[in-house]
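Student: Sharing a structure with you now.
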Amino acid sequence: NEIVLTGAGISTSAGIPDFRTPGTGVYDNVQCYLDKYNVDNAMELFSYKLFQEDPVPFYSLCKDVKYPAETAKPTLAHYFIRLLSDKGVLLRNYTQNIDMLQSKTGIPDEKVFEVHGSFRSGRCTKCPATYTEEELKEYIMSGEVGYCTGCEEGGVIKPGIVMFGEPLPNSYICKISADEGKCDLLIVMGTSLSVGPVNQIPNSVPPSTPRLLMNMEKVCIDESKKMNLNAPLFFFDHPDNKTDVFMGGPVDDSVKLLAEKVGWLEELLALQNEMS
């Protein structure tokens with residue numbers, strides 16, 4: 001019963017930038033949009049409040065960066081999660097990503113929870129009307145804001161993603177509450193664990209559960225000697241640590257090494273070649 005928590009770091013090798021990496025991250029490369037639309041900061045650019053007031057900045061950004069990227073392909077890390085599913089050990093992949101790359105590997109939908117939603121559908125902000133991925137993509141790539149054709153209020157078509165300032169769906173709480181007690185291995189990949197409540201998942205699993213972090217750097221490190229189990233912390237360097245392991249570097253490299261150690265590398269590479 002393995003839970004895999006993934007962030008933007010597993011998709012960077014597919015050409016999709018993460019949010020926070022200095023220089024290459026999305027937050028460091030949207031200044032022209034902040035200036036053009038008089039927006040204070042990058043987080044506001046992705047906020048539901050701004051989208052309600054003026055959806056043009058969001059639609060403009062999506063068109064210019066051609067997001068979601070049709071040409072992006074799943075990385076080795078995505079295929080590793082698919083392999084866990086094939087082996088029958090994946091309880092759930094909780095992904096913070098909205099790029100839908102895990103779906104391209106063939107992971108069963110019920111094994112994935114897209115915590116922050118995705119672009120696979122859209123909805124009207126004024127009525128119950130919904131829109132398909134293809135319809136949503138057509139609006140985004142046209143460069144014009146998509147307005148609902150099914151209501152008289154002229155509602156804006158909003159992609160099915162969770163923007164800053166929006167609550168997570170109730171189904172998230174139901175799902176993680178059902179899964180957390182069953183978890184006997186937690187793998188965290190490519191995330192700074194900066195956004196809640198997802199960053200509480202490492203603390204929600206049983207205290208004896210092994211927790212593996214694959215990341216460019218250590219995050220949420222406990223630098224005290226108290227081992228406070230109520231904070232989203234890892235205890236890598238604590239003298240009493242018996243659960244937490246860190247594998248540093250690009251996630252794909254860590255995945256490849258782990259697969260080699262457990263005798264799955266040939267199978268993993270064959271899966272990637274077969275699906276590519």
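The values are calculated or read from the model by the stated rules, or taken from the named source; none is laboratory data. Computed from a prediction, not measured in an experiment: that's the story for all the values here. Heads up, the Cβs are rebuilt from the backbone with ideal geometry, glycines too, and the neighbour counts pull from every protein chain shown. These area figures cover heavy atoms from the full protein model, side chains too; ligands, DNA and RNA do not enter into them. Shrake-Rupley method; radii C 1.70, N 1.55, O 1.52, S 1.80 Å.
Student: Taking the stated definitions as given, is TYR172 surrounded by fewer than 20 Cβ atoms within 10 Å (Cβ to Cβ) and of a type in the set (Ser, Thr, Tyr)?
Tutor: Yes, satisfied.
Student: Can you pull out the residues in the range 181-194 that are open to solvent by less than 50 Å² (accessible area, probe 1.4 Å), of a type outside the set (S, T, N, Q) and at negative phi?
Tutor: Scanning the range 181-194 gives CYS183, LEU185, LEU186, ILE187, VAL188, MET189.
Student: Can I ask one more? Pick from THR105, THR95, THR75, THR125: which is among the β-branched types (Val, Ile, Thr), farther than 23 Å from LEU5 by Cα and either touching a residue at least 12 places away in the same chain (Cβ under 8 Å) or touching a strand residue (DSSP E or B) at 6+ places or on another chain (Cβ under 9 Å) (or both)?
Tutor: THR125
Student: Pull up the range 231-268, narrow it to residues that are over 22 Å from the mean Cα position of the chain (by Cα) and among the basic types (Lys, Arg), then point me to the one that is farthest from THR209 (Cα to Cα).
Tutor: LYS261
Student: A further question follows. What about SER103, is it modelled with pLDDT under 95, within 30 Å of LEU271 (Cβ to Cβ), open to solvent by less than 10 Å² (accessible area, probe 1.4 Å) and small (Gly, Ala, Ser)?
Tutor: Against the criterion (modelled with pLDDT under 95, within 30 Å of LEU271 (Cβ to Cβ), open to solvent by less than 10 Å² (accessible area, probe 1.4 Å) and small (Gly, Ala, Ser)), SER103 does not qualify.
Student: Could you list, in sequence order, the residues of the range 149-160 that are assigned to a loop (DSSP other than H, G, I, E, B) and open to solvent by less than 40 Å² (accessible area, probe 1.4 Å)?
Tutor: Within the range 149-160, CYS151, GLY154, GLY155 meet the criteria.
Student: Related question: With respect to the numbered conditions (1) at pLDDT 95 or above; (2) closer than 23 Å to ASN215 by Cβ, which one is the sole condition not fulfilled by GLU110?
Tutor: (2)
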